[in-house]
Amino acid sequence: MSLESTAGMAGTARLRPVDLARAAGVSAQQIRNYEASGVLPPASRTDSGYRVFTEPHRGALLAYRALSDGHGPHAAQAIMHAVHDGDLPLALALVDEGHAALHEQRRSLRETAAALEAVAGQDPGAYRMTRSGMRIGEVAAHVGVRTSALRVWEEAGLLTPGRDPATGYRRYGAREIRDARLVAMLRRSRYPLPRIVDVLDGLRRTGSTDALRAAVAQRREELDRRARAMLEGAARLHAYTDGAGQGQGRPG
């Protein structure tokens, strides 16, 4: 594509990498990386080799950045690749997949919140076990995780199993098993370990589930933020594909 055809297609002034960088709050080098990776359509060049961008490039950039906030960089790149390959149906299907995944995370969060309240309010004495407690393999099977996960949680201060004085093996009492179930559910809902520490600290010290409810509420807010970002990404993508940005091809 020639410089003249690119500029003519946009009907606007030519843009430098730094102009696009300022519009998106990134570096000029990142703009070059976006073009090389196919996030932006190919830029034409001046006789001296400088890249020249136009308004469609700005539209592609803003669409990608918005999509990345909602869907993640990898999915956003795949969407933009599909657009630049002229496969709009694939791009729309990828957008749909992102919305479906977000819906599933909301459903899972609702179920997890209810289960967390039930487990947190359960009397640890309700667990039936031998007097010496459960071994690590038994707890892992009961909770549905690998034994390595239990060791990681122990290193992070989430679990404090006792030790068999004769063998030195870990032994988990009723409270530790309850906490392991809580940690497992929170991790499946993508809570980071430091946040889980706060939840368990409050539960152990006061028996309060306030920190647990706050963690669920924060996760719900994160999903809401992603949903809003997805809406903006869809709007930006529509504006871009409804203009002159489709089917310009991308570097091989």
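The values are calculated or read from the model by the stated rules, or taken from the named source; none is laboratory data. Computed from a predicted model, the values in this text were never measured in an experiment. Heads up, the Cβs are rebuilt from the backbone with ideal geometry, glycines too, and the neighbour counts pull from every protein chain shown. Keep in mind that these areas ignore ligands, DNA and RNA; they rest on the heavy atoms of the full protein, side chains included. Shrake-Rupley method; radii C 1.70, N 1.55, O 1.52, S 1.80 Å.
In table form, for the structure just shown:
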read-out: Residue list for the stretch 27-38, filter: open to solvent by 30 Å² or more (accessible area, probe 1.4 Å) and either touching a strand residue (DSSP E or B) at 6+ places or on another chain (Cβ under 9 Å) or among the β-branched types (Val, Ile, Thr) (or both); value: Arg32
read-out: Filter result (touching a Pro at 6+ places or on another chain (Cβ under 8 Å), in contact (Cβ under 8 Å) with a residue 60 or more places away in the chain and buried (at least 20 other Cβ atoms within 10 Å of the Cβ)) within the stretch 39-64; value: Pro41, Pro56, Ala60
read-out: Within the stretch 65-122, tally of residues that are among the hydroxyl-bearing types (Ser, Thr, Tyr) and either more than 22 Å from Val183 (Cβ to Cβ) or over 19 Å from the mean Cα position of the chain (by Cα) (or both); value: 1
read-out: Filter result (more than 20 Å from Ala156 (Cα to Cα) and at pLDDT below 80) within the stretch 189-221; value: Thr206, Gly207, Ser208
